[in-house]
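Notes follow the structure.
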Amino acid sequence: MFGNRNFDGHERVMFAHDETSGLKALVAIHSSALGPAFGGCRMWPYPDDAAALNDALRLSRGMTYKATICELPYGGGKSVIIADSKTDKTEDLLLAMGRLVESLGGAYIIADDVGTTLADLAVMRRETRHTAAATTAAQAELAVTAYGVLMAIEATVAQVFDRSELTGMRFAVQGLGNVGMPLCEHLHARGAALVVADVDPQRMALAEARFGAEQVAPDSIYDVEADIFAPCALGAVLNDATIPRLAAKAVCGGANNQLSEARHDRALAERGIVFVPDYLANSGGVIDYYQESIDDRPEAILRSVERIRTIAGDVLKRAKSEALTPLECADAIVRQRLKSAVSEPAH
Ligand code: NAI
C-alpha cells in the first residue's frame with residue numbers, strides 16, 4: 001500500500017467487510033487538512049482488490065485537489081464498494097455502507113458516484129447523517145457539474161481565445177450523459193456549434209435533434225477541428241495515441257482523470273494545447289454540497305458554482321505569466337494551501 005504508485009500521503013485507508021449483507025468496501029481519506037473528507041461512493045465489480053484500492057487512492061486524492069482549489073472547507077475522500085450495481089445492490093448492503101460511514105464519526109461525507117444514486121444515499125441516511133444530497137434542492141436535477149464545466153469553458157474562452165462570447169465557436173464533446181448532454185444544451189444556447197460522439201447512437205441522435213450537433217464516430221472525436229475539446233465520458237483519454245491527433249486549441253471537460261499519465265499535461269502544452277485541470281472544471285458537485293449547507297435555493301447554488309469561472313480565469317492568467325501549465329499552477333496553489341493548513345491548523 002505505501003509503495004503503491006497511487007499512494008500520495010493518504011491519511012487513512014480502511015477495508016471493511018459486513019458478513020450479513022456481503023458488503024466489501026474501502027474508504028480512502030486522502031486529506032482532512034481543510035475539513036472532513038468529501039467524496040463519492042463508487043460501486044463497481046472490480047476484478048481484484050488492487051484495482052479497487054487504486055481507484056480509491058486516485059479518486060480520493062482528486063477530491064482533495066477539487067475541494068482545495070475551490071477554497072471549500074473539505075478534504076478529499078472516496079469510497080468504493082466492490083459489487084455490481086445492477087445485480088448486487090440491496091438495501092442491506094446500502095445500510096451496511098451507511099453504518100461504515102457513521103463509524104467514521106463525520107471524518108468522511110459520502111456522495112453519489114458511478115453505480116450509486118441519490119436514492120441510495122437516502123437509504124444510507126437511515127444509518128448516518130454524513131451524506132450529501134440531503135436537502136430538497138439536491139433532488140432538483142440541477143446538472144451542477146455541467147454548469148461548472150461551462151463556467152470553466154467561459155474562462156478559457158476569455159483567457160485563451162480573448163473572446164467574451166461563445167457564439168460561432170466550435171466544440172467537440174465526447175460523451176453525452178449526465179454531464180455532456182446538459183453541457184451541449186448550454187453551449188448551444190450560447191450560439192456555439194457542436195460536434196459530438198457517444199458510443200450510444202441514440203444519445204448522438206438526440207443531440208443532433210435538440211442542438212443541431214454534428215455526429216462523428218467515437219474514435220474520430222480527437223481529430224475534429226474545434227476550438228475546444230470537452231471530454232465528458234471516460235478518464236485517460238489524453239494519452240500518447242490521442243494527443244498527437246488533437247486538433248482543438250484547448251481541452252476543458254467534465255470527465256475525471258483525463259490525463260493518462262501526469263506527463264501528458266506537458267505533452268499537450270508542447271503542442272500548444274491549453275489543458276484546464278479536470279478537477280477544477282468538474283468541481284460543481286462539491287461546491288453544490290457546500291452551498292446547500294448555507295442556502296439551498298437553486299439560484300444560490302448556480303451563483304456559487306460560478307466561482308469556477310473566476311478561479312479558472314485566475315489559474316489560466318497566472319499559469320501564462322509564470323510559464324506554467326494551468327495544471328502545474330493549480331497543483332501548486334493546492335499544495336501551498338494544504339501546507340499552510342497543516343502548519344497553521346484552524347482553532
Ligand atoms: P454518464 O454515464 O451519464 O455518461 C457518460 C456517457 O459517455 C454515456 O452516454 C456513454 O455512452 C458515453 N461514452 C462511454 N464511452 C464512450 C466513448 N468511448 N466515447 C464516447 N462516449 C462514450 O456519466 P456522467 O455522469 O455524464 O460522467 C461523465 C464523466 O464526468 C465521468 O468521467 C465522471 O467521472 C465525470 N464526472 C461526473 C460528475 C457528475 O456529476 N455526473 C461529477 C464529476 C465528474
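The values are calculated or read from the model by the stated rules, or taken from the named source; none is laboratory data. Computed from a prediction, not measured in an experiment: that's the story for all the values here. Heads up, the Cβs are rebuilt from the backbone with ideal geometry, glycines too, and the neighbour counts pull from every protein chain shown. Just so you know, the surface numbers come from the protein's heavy atoms only, side chains and all, with ligands and any DNA or RNA stripped out. Shrake-Rupley method; radii C 1.70, N 1.55, O 1.52, S 1.80 Å.
Quick check on my filter: what residues within the stretch 168-182 are near the ligand (Cβ under 6 Å from one of its atoms) and part of a loop (DSSP other than H, G, I, E, B)? Result: G175, L176, G177, N178, V179. Count of the stretch 59-112 residues, restricted to those that are of a type in the set (S, T, N, Q) and either more than 30 Å from P326 (Cα to Cα) or not in a helix (DSSP H, G or I) (or both), is 5.
Output the residues belonging to the stretch 275-312 that are in contact (Cβ under 8 Å) with a residue 24 or more places away in the chain, of a type in the set (S, T, N, Q) and within 16 Å of the ligand (Cβ to nearest atom). Don't jump to the end; show me each part of the working.
Taking the stretch 275-312 as the starting set, the residues that turn out to be in contact (Cβ under 8 Å) with a residue 24 or more places away in the chain are 275-290, 292, 296-298, 301-302, 305-312.
Within this subset, residues satisfying the condition of being of a type in the set (S, T, N, Q) are 282-283, 310.
Of everything in the stretch 275-312, those that are in contact (Cβ under 8 Å) with a residue 24 or more places away in the chain, of a type in the set (S, T, N, Q) and within 16 Å of the ligand (Cβ to nearest atom) turn out to be N282, S283.
Going residue by residue through the stretch 117-124, is there one that turns out to be more than 17 Å from the chain's Cα centre (by Cα) and open to solvent by 60 Å² or more (accessible area, probe 1.4 Å)? Within the stretch 117-124 (the criterion being more than 17 Å from the chain's Cα centre (by Cα) and open to solvent by 60 Å² or more (accessible area, probe 1.4 Å)), the answer is yes, since at least one residue qualifies. Can you spot a residue in the stretch 69-90 that is within 26 Å of A312 (Cα to Cα), open to solvent by less than 10 Å² (accessible area, probe 1.4 Å) and away from the ligand (no atom under 16 Å from the Cβ)? Yes, the stretch 69-90 contains at least one residue that is within 26 Å of A312 (Cα to Cα), open to solvent by less than 10 Å² (accessible area, probe 1.4 Å) and away from the ligand (no atom under 16 Å from the Cβ). Under the condition of being open to solvent by 20 Å² or more (accessible area, probe 1.4 Å) and more than 9 Å from the ligand (Cβ to nearest atom), the residues counted in the stretch 183-201 number 8. Scan the stretch 202-233 for residues that are more than 13 Å from the ligand (Cβ to nearest atom), without any contact (Cβ under 8 Å) to a residue 24 or more places away in the chain and in contact with a helix residue (DSSP H, G or I) (Cβ under 6 Å, 6 or more places away or on another chain) and the total you get is 0.
Rundown of residues vs (1) within 22 Å of D112 (Cα to Cα); (2) within 16 Å of the ligand (Cβ to nearest atom); (3) open to solvent by less than 30 Å² (accessible area, probe 1.4 Å), yes/no style:
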site	(1), (2), (3)
N256	yes, yes, no
A262	no, no, no
E270	no, no, no
I273	no, no, yes
D314	no, no, no
